[in-house]
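The values are calculated or read from the model by the stated rules, or taken from the named source; none is laboratory data. Remember, predicted model here, so these are calculated numbers, not experimental data. Note: ideal-geometry Cβ built from the backbone for every residue, glycine included; neighbour counts use all protein chains shown.
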Amino acid sequence: MAKRKVCESTEISPKVAKSPPKRNGQSVQSLYQNELKRLQRLTKDVIPDDKRTAIMPLMSNIAFLKVKLDQARVELMGESIFTEYDNGGGQSGLRVHPGFSAYNKLFTTFSRGIKQITDMMPSGSTSADALMDYLNETRFGG
């Protein structure tokens with residue numbers, strides 16, 4: 001039997017092949033639109049219009065990341081942080097679950113984006129506090 005790399009495999013595990021159930025009837029697009037509107041409301045009266053135009057792509061990315069982080073949290077809830085591997089070349093062991101690595105990278109990018117926006121707000125503003133609550137909601141699954 002010829003050896004093949006994992007990336008060359010077209011086999012899909014039965015667990016992965018199952019379609020995930022729809023969550024509360026909302027599409028990913030509508031979840032994204034809701035998050036974007038929420039961010040726009042949080043920053044509406046605090047960031048001047050000329051800066052708001054410049055940060056719209058950032059807010060769009062933050063909304064996207066928020067939706068993906070929420071989805072990933074649900075998917076990872078029942079998973080172990082570590083997963084076994086066997087590369088077929090005699091090496092096997094434990095490694096960090098790839099989903100957790102991806103989640104951490106997404107969250108780091110998300111929190112940096114929130115920080116960029118809060119840095120544009122006057123210190124002590126209630127909107128900055130609301131944006132930090134938004135970050136904490138994502139961090140702690142609220």
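Does ASP50 count as within 28 Å of MET132 (Cβ to Cβ), part of a helix (DSSP H, G or I), at pLDDT 90 or above and of a type in the set (Asp, Glu)?
Values: within 28 Å of MET132 (Cβ to Cβ): yes; part of a helix (DSSP H, G or I): yes; at pLDDT 90 or above: no; of a type in the set (Asp, Glu): yes.
For ASP50, the condition - within 28 Å of MET132 (Cβ to Cβ), part of a helix (DSSP H, G or I), at pLDDT 90 or above and of a type in the set (Asp, Glu) - is not met.
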Just give me the residues in segment 94-142 being in contact with an Asp or Glu (Cβ under 7 Å, 6 or more places away or on another chain) and not in a helix (DSSP H, G or I), in sequence order. LEU94, HIS97
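Can you give me the number of residues within segment 102-122 that are closer than 15 Å to THR43 by Cβ and polar (S, T, N, Q)?
Residues that pass the stated criteria total 2.
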Pairs only if they're at least six apart or on different chains, beta carbon under 8 angstrom, first in segment 93-113 and in contact (Cβ under 8 Å) with a residue 24 or more places away in the chain and surrounded by 11 or more Cβ atoms within 10 Å (Cβ to Cβ), second part of a helix (DSSP H, G or I) and β-branched (Val, Ile, Thr); list them, first residue then second. PHE107/THR138; PHE110/ILE62; PHE110/THR138; GLY113/ILE62
